[in-house]
Each structure stands twice: as structure tokens, then as C-alpha cells.
Amino acid sequence: MKIENRATVNLNYQKLLAHIQSVLEIVPKEHTRGVSKLILVDYITDSRLDPQMRRELPGLYHPKMPGSPQAWMEIALKPLTPEGSFWKRLSARLALRANVTATLLSLIAQHYYLTLSHGIRKEQYEQAVRNYVDRHLSLYARTRTGIRARLIRPFLPWLERLARWLHKKQRERLRTSR
């Protein structure tokens, strides 16, 4: 898959492109079959979307259409690196790689479930994409060998158990509020 950089955001693009390549390595090749390119842009410029959504949308999948030869993806970097106070910019920079990873995996999941996976009904796409992203994010996290990953790894079972418990409590609260 070819990666084009059309963004003007002040970032270290060599590290970002290396990160994107490392994410693409964990995804099976057949899941990206048919995708010709990934374009990094400032904002999504698709005229079919309303202007407010264009400024907030972090990624967009363009499926293969009769006029276009292959499917392609866009990742907008400005929504992932917002303007504002120093603390907002700092937290956005610290979370940029995680946000790019999640956005890229969701675009790949959309491509996979729309073109290659059969038997998924229209109303099941959103949940299937979420499950795909969760599964591949955990796979990607297990392949990381940085110091942050090594520090957090012993606490992951406890954090996952806590997340399941909180999710269960949230469902119960929603059920009782109806």
C-alpha cells in the first residue's frame, strides 16, 4: 500500500510513517487487498459531507466505485492534533500515535467488512468494525516492546477485568434508567 503525505501539520513524518508501517505489518495482507493508497491530509475534503463533519472526521474510507480504479483511505491529522492551550496540544501529541493506529485499523476494518467479508448484515457492520479494531489493537499492543509497554503489561489483566466490570455497571445503569 502506498502512503502519501499531503498534510502540513508540524510533525515528524518519518516517525509517523514508520509507525503506520508497523501497524500495517500486524494486519493480514488479504485484509488490505484492493486498497491502493493511504493519504495523510490536514482535513477530509469530501464534498458529500457537511462542513462541520469534515473538520472533525479523523478518517474516511473511499470504496472502489465505478469511476475509481481502487479503494483508498484518508487520515486527517488536524482533528487528531487540535489547537488550543498547551495542555490540550501536549495531550493530543502524546495520544497521536494511538489515535492514528485506531483510525487506520477502523478504516482497514471497514474495507475488510465491506468488500472481503461476506455474511455480515448492514446493521452488524459497526459492531464488527469495533470488534476488529479492539482485536487488532490488543494484538498490536502485545507486539510492542517499549518501556511503557513493559511497565503496563503486568497490569493489563487487572485493567481488563476493571473495564469489564465498569461496562457491566454501565449497562445495568442504562437498563434501570429506561
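Each Lys and Arg contributes +1 and each Asp and Glu -1, all at the Cβ; summed about the Cα centre of the chain, the dipole is approximately 760 debye.
Averaging 1/r across all pairs of distinct Cα atoms in the stretch 2-110 and inverting the result yields a Kirkwood radius of 14.6 Å. As a proxy for reagent exposure, M73, M1, M53 were ordered by neighbouring Cβ count within 10 angstrom, fewest first; the result is M53, M1, M73.
Among the trypsin sites (Lys or Arg not before Pro) found in the stretch 119-164, those both in a DSSP coil and sparsely packed, with 14 or fewer other Cβ atoms within 10 Å of their Cβ, are R121, R144.
Kindly put F155, F86 in sequence by how many other C-beta atoms sit within 10 Å of each C-beta, fewest to most.
Fewest to most other Cβ atoms nearby, the residues stand as F86, F155.
As a rough footprinting exposure proxy, the listed residues K37, K2 were ranked by other beta carbons within 10 Å of their own, and the order from fewest upward is K2, K37.
Between amide H atoms placed 1.01 Å from N, distances below 5 Å from N5 occur with L40, all of them 5 or more places distant or on a separate chain. Of the listed pairs K64/K169; K2/K78; K29/K168, which have alpha-carbon separations greater than 31 Å here? Correct reply: K64/K169; K29/K168.
Only helices at least 24 Å long along their own axis, judged from Cα atoms, and with Kyte-Doolittle mean hydropathy of -0.5 or greater: name those in the chain from DSSP H. Write down the numbers at each step before the final one.
Numbers: long enough: 86-111 (36 Å, 0.45); 125-143 (27 Å, -0.87); 156-177 (31 Å, -1.28).
What comes out of the filter, once short or polar helices are dropped, is 86-111.
Inter-part distance, the stretch 135-162 to the stretch 3-17, computed on C-alpha centroids, equals 26 Å. The mean sequence distance of close C-alpha pairs (under 8 Å, at least 6 residues apart), as a share of the length of the chain, puts its relative contact order at 19 percent.
No value in this document is a laboratory result; all are computed from the given coordinates. Small disclaimer: the values here were computed from a predicted structure and weren't measured. Every residue, glycine as well, gets a Cβ built from its backbone with ideal geometry; the counts of neighbours run over all protein chains shown.
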